[in-house]
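Chemist: Dumping the structure here so I can ask a few things about it.
The values are calculated or read from the model by the stated rules, or taken from the named source; none is laboratory data. Bear in mind the structure is a predicted one, so any value in this text is a computation, not a measurement. Using ideal geometry, Cβ is built from the backbone for each residue, glycine included, and neighbour counts are taken over all protein chains shown.
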């Protein structure tokens with residue numbers, strides 16, 4: 001997760017959204033040295049090599065800046081238009097289109113293997129780390145140890161610290177374990193648990209390198225999206241216009257689905273004015289892009305979103321993020 005407003009929603013917004021919803025626990029009563037000693041024994045008991053534990057945990061101390069960033073996560077008050085304007089910028093589109101061409105052969109191979117479009121992979125890469133330019137400047141192990149010791153979300157971050165040690169034990173050097181203040185790593189900003197479950201080596205042996213190896217970065221993002229349900233023959237959704245007579249409020253929401261043909265019969269059209277595809281086999285939910293703060297209820301632009309939209313929300317549990325990611329992907333793929 002990058003220390004920018006859209007990443008503070010959650011990386012993988014996954015984490016940061018979760019951070020904001022987790023109850024505050026008591027501060028730890030044990031000093032850091034004592035806590036770290038127990039942590040070492042726990043890591044060894046879970047089968048992590050002693051050399052790894054010694055190297056990774058030797059001499060680490062809590063990082064004040066991590067705690068400062070954790071406690072000062074900004075409340076999300078931007079409108080969707082503001083958010084989209086910050087995420088889908090002319091510069092990001094220009095760079096993304098250039099990189100699509102530059103890595104065309106590799107992206108095509110990865111896309112074919114995993115069933116995830118190249119434009120989607122590049123869009124996620126661009127949003128997560130600015131195409132690798134902003135991956136975070138924190139050493140992951142001490143950052144996670146800081147948050148695990150802090151006591152407010154100790155169970156979650158303790159687990160992520162153990163996972164980070166497992167990654168080091170698998171062959172990734174400690175010095176390469178760089179990421180955000182909350183422990184999200186590499187150019188696709190995976191938390192350690194996500195790395196262990198989904199990171200993919202594209203070719204050869206060894207641990208996936210999501211920090212520098214472009215093939216591993218694309219393969220890991222594609223494997224993640226594929227494994228959590230990406231449908232190769234569908235897009236994520238589309239902006240729409242509503243009929244003049246409106247739509248019943250009960251039809252809005254991710255819990256309600258209708259086929260595109262049914263939505264078309266209700267008077268919905270694509271945002272460009274064209275009729276929706278008359279397909280019975282693609283089911284969509286009607287939503288509005290709203291902040292959730294109440295003042296814009298019923299005012300956000302409408303979208304029909306498909307199951308792949310839900311996949312994007314698994315990556316980052318934010319409606320704004322998923323809509324922006326899909327929009328960026330579409331614009332990257334347009335001529």
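Chemist: Does any residue of the range 184-198 turn out to be touching a strand residue (DSSP E or B) at 6+ places or on another chain (Cβ under 6 Å), buried (at least 18 other Cβ atoms within 10 Å of the Cβ) and over 28 Å from residue 105 (Cα atoms)?
Modeler: Our first condition is that a residue be touching a strand residue (DSSP E or B) at 6+ places or on another chain (Cβ under 6 Å); within the range 184-198, this holds for 185.
Restricting the remaining residues to those that are buried (at least 18 other Cβ atoms within 10 Å of the Cβ) gives 185.
If we keep only those that are over 28 Å from residue 105 (Cα atoms) too, we end up with none.
Scanning the range 184-198, I find no residue that is touching a strand residue (DSSP E or B) at 6+ places or on another chain (Cβ under 6 Å), buried (at least 18 other Cβ atoms within 10 Å of the Cβ) and over 28 Å from residue 105 (Cα atoms), so the answer is no.
Condition check ((1) modelled with pLDDT of 95 or more; (2) farther than 28 Å from residue 89 by Cα; (3) in contact with a strand residue (DSSP E or B) (Cβ under 9 Å, 6 or more places away or on another chain)) across all residues:
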| position | (1), (2), (3) |
| --- | --- |
| 270 | yes, no, yes |
| 284 | yes, no, yes |
| 295 | no, no, no |
| 314 | yes, no, no |
| 328 | yes, no, no |
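Chemist: Identify, from the list 59, 47, the residue that is surrounded by fewer than 14 Cβ atoms within 10 Å (Cβ to Cβ), outside any helix (DSSP H, G or I), at pLDDT 95 or above and in the same structural domain as residue 168 (by TED's automatic domain parsing).
Modeler: Numbers: 59 fails: at pLDDT 95 or above.
The conditions single out 47.
Chemist: Considering only the range 92-100, I want to know if a residue exists there that is at pLDDT 95 or above, in a helix (DSSP H, G or I) and crowded, with 21+ Cβ neighbours inside 10 Å.
Modeler: Yes: the range 92-100 contains one or more residues that are at pLDDT 95 or above, in a helix (DSSP H, G or I) and crowded, with 21+ Cβ neighbours inside 10 Å.
Chemist: Same structure again: Any chance the range 210-219 includes a residue that's touching a strand residue (DSSP E or B) at 6+ places or on another chain (Cβ under 9 Å) and either surrounded by 16 or more Cβ atoms within 10 Å (Cβ to Cβ) or on the phi > 0 side of the Ramachandran plot (or both)?
Modeler: Step one: of the range 210-219, the residues touching a strand residue (DSSP E or B) at 6+ places or on another chain (Cβ under 9 Å) are 210-211.
Next, only the ones that are either surrounded by 16 or more Cβ atoms within 10 Å (Cβ to Cβ) or on the phi > 0 side of the Ramachandran plot (or both) stay: 210-211.
Yes, some residue in the range 210-219 is touching a strand residue (DSSP E or B) at 6+ places or on another chain (Cβ under 9 Å) and either surrounded by 16 or more Cβ atoms within 10 Å (Cβ to Cβ) or on the phi > 0 side of the Ramachandran plot (or both).
Chemist: Taking only the range 128-166 into account, find how many residues are part of a helix (DSSP H, G or I), within 30 Å of residue 308 (Cα to Cα) and touching a helix residue (DSSP H, G or I) at 6+ places or on another chain (Cβ under 6 Å). Give the steps one after another, and end with the answer.
Modeler: The first filter runs over the range 128-166 and keeps only residues part of a helix (DSSP H, G or I), leaving 128-129, 140-150, 154-166.
Filter again for within 30 Å of residue 308 (Cα to Cα), leaving 128-129, 156-157, 159-160, 163-164.
After this cut, where a residue has to be touching a helix residue (DSSP H, G or I) at 6+ places or on another chain (Cβ under 6 Å) as well, the list is 157, 160, 163-164.
Summing the residues that are part of a helix (DSSP H, G or I), within 30 Å of residue 308 (Cα to Cα) and touching a helix residue (DSSP H, G or I) at 6+ places or on another chain (Cβ under 6 Å) in the range 128-166 gives 4.
Chemist: Please specify each residue of the range 172-184 satisfying the condition of being touching a helix residue (DSSP H, G or I) at 6+ places or on another chain (Cβ under 6 Å), within 21 Å of residue 48 (Cα to Cα) and not in a loop (DSSP other than H, G, I, E, B). Walk me through how you get there before you give the answer.
Modeler: Let us first name the residues in the range 172-184 that are touching a helix residue (DSSP H, G or I) at 6+ places or on another chain (Cβ under 6 Å), namely 174, 177, 179, 181-183.
Subsequent filtering for residues that are within 21 Å of residue 48 (Cα to Cα) retains 174, 177, 183.
Within the range 172-184, just 174 meets the criteria.
Chemist: Criterion first (at pLDDT below 65, farther than 26 Å from residue 329 by Cβ, in contact with a helix residue (DSSP H, G or I) (Cβ under 7 Å, 6 or more places away or on another chain) and not in a helix (DSSP H, G or I)) does residue 28 satisfy it? Break it down into steps so the answer makes sense when it comes.
Modeler: Values: at pLDDT below 65: yes; farther than 26 Å from residue 329 by Cβ: yes; in contact with a helix residue (DSSP H, G or I) (Cβ under 7 Å, 6 or more places away or on another chain): yes; not in a helix (DSSP H, G or I): yes.
In short, yes.
Chemist: Could you pull out every one of the helices (runs of 4 or more DSSP H) wholly within the range 227-335 that has 2 or more residues that are over 24 Å from the mean Cα position of the chain (by Cα)? Give the derivation first.
Modeler: On the way: elements: 260-265, 307-315, 319-333.
Because the criterion is at least 2 residues that are over 24 Å from the mean Cα position of the chain (by Cα), the helices (runs of 4 or more DSSP H) in the range 227-335 that meet it are 260-265.
Chemist: May I ask you to verify whether residue 201 is in the same structural domain as residue 271 (by TED's automatic domain parsing), closer than 30 Å to residue 334 by Cα and either part of a loop (DSSP other than H, G, I, E, B) or out of contact with any strand residue (DSSP E or B) (no Cβ under 9 Å at 6 or more places or on another chain) (or both)? Give the derivation first.
Modeler: On the way: in the same structural domain as residue 271 (by TED's automatic domain parsing): no; closer than 30 Å to residue 334 by Cα: yes; either part of a loop (DSSP other than H, G, I, E, B) or out of contact with any strand residue (DSSP E or B) (no Cβ under 9 Å at 6 or more places or on another chain) (or both): yes.
It is false that residue 201 is in the same structural domain as residue 271 (by TED's automatic domain parsing), closer than 30 Å to residue 334 by Cα and either part of a loop (DSSP other than H, G, I, E, B) or out of contact with any strand residue (DSSP E or B) (no Cβ under 9 Å at 6 or more places or on another chain) (or both).
Chemist: Moving on. Report yes if residue 53 is touching a strand residue (DSSP E or B) at 6+ places or on another chain (Cβ under 9 Å), surrounded by 18 or more Cβ atoms within 10 Å (Cβ to Cβ) and assigned to a helix (DSSP H, G or I), otherwise no. Let's see the steps before the verdict.
Modeler: Numbers: touching a strand residue (DSSP E or B) at 6+ places or on another chain (Cβ under 9 Å): no; surrounded by 18 or more Cβ atoms within 10 Å (Cβ to Cβ): yes; assigned to a helix (DSSP H, G or I): yes.
Spelling it out, it is not the case that residue 53 is touching a strand residue (DSSP E or B) at 6+ places or on another chain (Cβ under 9 Å), surrounded by 18 or more Cβ atoms within 10 Å (Cβ to Cβ) and assigned to a helix (DSSP H, G or I).
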